[in-house]
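This report refers to the structure that appears directly beneath it.
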Ligand SMILES: *Cc1c(COP(=O)(O)O)cnc(C)c1O
C-alpha cells in the first residue's frame, strides 16, 4: 500500500543518491579516509522494485532489505537485468528463514545467535555456498532488539569465526534511538578491530556521517535516498 505517498522518479532518486554519496565523501575526507573505504548500502525495504531500478540506473549496486520474503518478491527480477547487484539482509532473521536468506542474499548482516548459526551452516551444506556474514551486536543491550548482547559479543564472534572462517566479514549495530550513537559506533569499531574483522556496518540516514568518523566501512541508508517509507503494519 502506498497511500499518501507518490513514488519518486528516477531523477529524484538519482539526485538524492548523488547527495548522499557527496556527504559520504565529505565525511570520509574530513577524517582523512578515502571515500572508497565506505560502501553505501541503499536500504530499499518497503519501497517498490521500480524505485530500486531507478537507483540501479543511477549506478547504485548494493541494497539492503529487512525481510526475506520482501526481498524474494523484488530482487530475482532485478538481478536478471543487473546481475552485479548485491543484496544484504539487514533485518532480524528467524531460523526458519535462514535457507531462503542464504539463497537470495550476498551478505547476511544480522547473525546474532547460535541457533541461527546452526541454521545458516545447514543452509550452506544444502546450497554448497554461503553468503558473507556479519555479526549484529545489540550495543545498547536493549531487550526488544536483535543482536548479541555486549557481554557475549567476543565469545560469539570467536565461535562464529571458528565455524565460518573467512565468510565472517564484520560487525553490525543499530544504536538505541534515544542515545548519542557515537559511543556505540566507537565501541563497535574497537570490537571489530580486536576481532580482526575488516568490515563495520553502522550509520543510517540520521547519523551516517558520525558513523564514518568512527570508522564505518558500510553505511545503511534508506530514507535519505528513497524518501519516507509507507507505514506498513508489522
Ligand atoms: C531501515 C533500516 C536502515 C535505514 O534506515 P534509514 O533511517 O531509513 O536510513 C538501516 N539499517 C537497518 C537495520 C534498518 O532496518
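Laboratory data are not the source of any read-out in this text; all were calculated from the coordinates shown. These numbers come from a predicted model, not from an experiment. Note that each Cβ is placed from the backbone with ideal geometry, even for glycine, and that neighbours are counted across all protein chains shown.
With neighbours defined as other Cβ atoms within 10 Å of a residue's Cβ, the residues 9, 139 order from fewest to most as 9, 139. Under the simplified labelling scheme, the residue 95-residue 190 pair shows an inter-label distance of 3.4 nm, with each label point 7 Å from Cα along Cα→Cβ.
You can think of it this way: the chain between residue 166 and residue 106 has 20.2 nm of extra reach, that is 0.36 nm per residue less the Cα-Cα gap. Per-residue extension of 0.36 nm, minus the Cα-Cα distance of residue 70 and residue 141, leaves a gain of 22.8 nm for this segment. With R₀ set to 22 Å, the beta-carbon distance separating residue 183 from residue 37 gives a calculated FRET efficiency near 0.55.
With a cut-off of 15 Å on the backbone N, the residues of the stretch 32-46 near the modelled label site 7 Å out from residue 205 along Cα-Cβ are 41-46.
State whether the stretch 140-208 is rounded, prolate or oblate according to the following rule on the C-alpha gyration tensor (a ≥ b ≥ c being the square roots of its eigenvalues): a/c under 1.5 gives rounded; otherwise a/b larger than b/c gives prolate, and the remaining case gives oblate. It comes out prolate by the Cα gyration axes. Only helices enter the 222 nm calculation for the chain: every DSSP H run of n ≥ 4 contributes -39,500 (n - 2.57), and dividing by all residues gives -13500 deg cm²/dmol, rounded to 500.
Taking 191, 80, 160 as the candidate residues, the one with maximal mean-square fluctuation in a Gaussian network model of the chain, Cα springs under 10 Å, is 80. Pairwise Cα distances in the chain exceed 21 Å in 55 percent of cases. The residue 122 and residue 79 beta-carbon pair, evaluated with R₀ = 25 Å, returns a calculated FRET efficiency of approximately 0.55. Put in line by how crowded their Cβ is, counting other Cβ atoms within 10 Å and starting with the fewest, 142, 57 read 57, 142. Using a ≥ b ≥ c from the Cα gyration tensor of the stretch 23-156 (square roots of the eigenvalues), is it rounded, prolate or oblate, where a/c under 1.5 gives rounded and otherwise the larger of a/b and b/c decides, a/b for prolate? Because a/c hits 1.5 or more and a/b fails to exceed b/c, the stretch 23-156 counts as oblate.
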